[in-house]
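The structure appears below as structure tokens.
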Amino acid sequence: MSNADQDSWSRVKERLRVEVGDDVYSSWFARMDLEAIEEGAVRLSVPTRFLKSWIQSHYAEKVLACWQAQDTQVGRIELIVRSAVLRQATPVKPKPELAQSAGHDSANRFNSNGNGHHRPVTVGDAGMHEALGGSPLDPRLTFDSFVVGRSNTLAHAAAKQVAIARRTDPVMFNPLYIHAGVGLGKTHLLQAITWAGNAAGERKVLYLTAEKFMYGFVSAIRTQTALAFKEALRGIGVLVIDDLQFLQGKSTQAEFCHTLNALIDAGRQVIIASDRPPSDLESLDDRVRSRLAGGLVVEMGTLGEELRLEILKARVLAARAHHPSFDVPLPVLSYIAKTVTHNGRDLEGALNRLLAHNKLTGHPVTLEMAEREVRDLIRPQEPKRVKIEDIQRIVARQYNVSRSDLLSSRRTANVVRPRQVAMYLAKTLTLRSLPEIGRRFGGRDHTTVLHAVRKIEGLVGADMALAEEIEILKRQLQE
Ligand code: ADP
Ligand code: MG
């Protein structure tokens with residue numbers, strides 16, 4: 001492959017990273033490699049089948065578009081699993097005669113350093129190691145730096161409780177399931193538990209992102225050490241899984257279910273974070289969902305202004321440990337707390353900019369400077385996460401029918417319209433898919449939901465009264 005191709009690839013990756021954001025990028029694309037560009041087709045490889053199918057179903061168009069922005073000749077993307085190639089070429093057990101003939105080409109195919117001791121690389125090794133070693137932890141995310149406020153008191157208390165529990169203590173809530181929107185402190189809390197638990201030394205705490213869980217497991221199956229993997233997982237005291245909403249794939253889910261059951265039944269603590277409640281984890285089957293809901297489920301709300309201010313103050317203090325001259329007057333902090341409403345990440349981003357500006361120019365931090373620096377982080381209030389139950393409740397009330405009417409199979413006009421309105425609102429105000437919405441409306445088919453959405457979309461253009469009703473409903477739901 002030419003250097004020019006590699007350059008293009010670097011630029012495509014950069015573009016992709018900007019478009020999907022750092023988190024998504026590192027979850028799904030970090031291990032994607034360019035294999036070849038031939039006749040308008042770009043061949044990319046990823047290490048697992050799971051990644052391949054995920055990228056194919058969620059990001060195929062985006063990847064293609066990024067390539068086309070770079071190189072208009074590209075017409076097609078082909079994704080392959082790179083380990084499949086490697087595995088075919090790798091003997092499961094190195095045969096003695098191969099090992100002896102280390103000097104020969106055939107045995108040295110995988111020998112990158114030429115010292116003859118290097119054994120064939122199997123993808124599973126790294127996967128296993130990473131999976132069992134846990135995902136990387138950020139040393140800043142501890143209980144000490146976690147600020148407690150109204151929206152997270154319960155989650156914090158529960159997290160503290162499980163972190164300090166001793167091996168012999170009865171397990172109080174299992175699993176502990178924490179859910180909240182982006183940037184509201186889930187990862188912070190989970191890593192705090194991991195640090196604190198491991199520091200206490202009572203029980204081994206393993207922190208895994210769902211993606212790492214899948215990657216480790218898929219690799220383990222490939223190298224036929226699934227049993228060893230399970231044994232190792234079962235040997236740990238506390239399992240912490242972050243971003244469970246990313247857990248995908250039937251076999252992974254089955255394995256997740258086994259692991260969960262095995263750990264819980266053995267009295268080990270399981271802690272999970274996700275961006276949605278268990279009932280909304282569409283792709284998991286009912287048994288897993290109910291097992292997840294069977295422990296303690298806690299939601300963390302949006303950070304209130306007071307809490308944002310406290311977080312900022314704590315951050316400035318922490319920054320001053322390294323930059324003693326960094327001083328942010330209280331009015332500036334209050335201004336940021338008031339206007340940068342989005343989430344914890346934006347608060348951090350805002351302070352980082354002030355710090356950078358202060359360091360680079362030597363100018364003190366003033367309100368004017370802050371206004372200039374954080375302008376683009378000021379966003380309208382993040383829309384509230386709307387729940388399907390709330391939609392059903394409020395629509396039912398509005399039209400004077402019962403919620404079970406909406407879920408029933410009745411087809412009289414007085415329930416059909418409200419039901420369609422509710423489905424329409426579910427589609428427009430939540431991120432739920434059509435099949436999920438169908439399921440939540442009494443087990444209807446996704447085509448029924450689609451029909452309802454189209455119907456209402458068609459009507460609101462012509463029917464002013466209906467359009468207004470829907471506006472009012474939306475406003476009630478988003479308050
Ligand atoms: P999530 O995992 O829910 O998306 P994170 O845990 O990554 O969110 O939090 C985003 C940022 O906000 C992190 O820098 C985190 O330290 C900070 N943050 C969120 N909540 C708090 C809190 N209660 N106290 C201190 N920092 C917080
Ligand atoms: Mg997180």
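Estimated at the nearest 10 Å², the accessible area of VAL316 is 10 Å² with a 1.4 Å probe.
With 0.36 nm allotted per residue and the present C-alpha distance subtracted, the SER26-THR153 stretch has 42.7 nm of extension available. Looking at the range 153-299, what % of the alpha carbon pairs are farther apart than 24 Å? Cα-Cα pairs in the range 153-299 separated by more than 24 Å: 25 percent. Once you list every other residue whose beta carbon is under 13 Å from the beta carbon of TYR25, what net charge do they have if Lys and Arg are +1 and Asp and Glu are -1? Surrounding charge for TYR25 is 0. Ordered by 1.4 Å accessible area with all protein chains kept, HIS451, HIS179 run largest first as HIS451, HIS179.
Taking label points 7 Å from Cα along the Cα-to-Cβ direction, GLN161 and SER334 give a separation of 3.7 nm. Take the range 305-377 with all the other protein chains still there, run a 1.4 Å probe, and you get 54 Å² of accessible area per residue. With a 1.4 Å probe rolled over the protein heavy atoms of all chains, the accessible area of PHE246, PHE29, PHE143 falls in the order PHE246, PHE143, PHE29, largest first. Once all protein chains are placed together, LYS62 keeps about 80 Å² accessible to a 1.4 angstrom probe. Ranked by the mean number of other Cβ atoms within 10 Å of their residues, highest first, the peptides 319-326, 19-26 fall in the order 19-26, 319-326.
Largest accessible area first, the residues SER57, SER145, SER274 order themselves as SER57, SER145, SER274 under a 1.4 Å probe with ligands, DNA and RNA left out.
Accessible surface computed residue by residue for the range 388-478, with neighbouring protein chains in place and a 1.4 Å probe, gives 53 Å² per residue.
The values are calculated or read from the model by the stated rules, or taken from the named source; none is laboratory data. What you are looking at is a predicted structure, and each value in this text was computed from that prediction instead of being measured. Note that each Cβ is placed from the backbone with ideal geometry, even for glycine, and that neighbours are counted across all protein chains shown. Note: accessible area is taken over every heavy atom of the protein model, side chains too, but ligands, DNA and RNA are not part of it. Shrake-Rupley method; radii C 1.70, N 1.55, O 1.52, S 1.80 Å.
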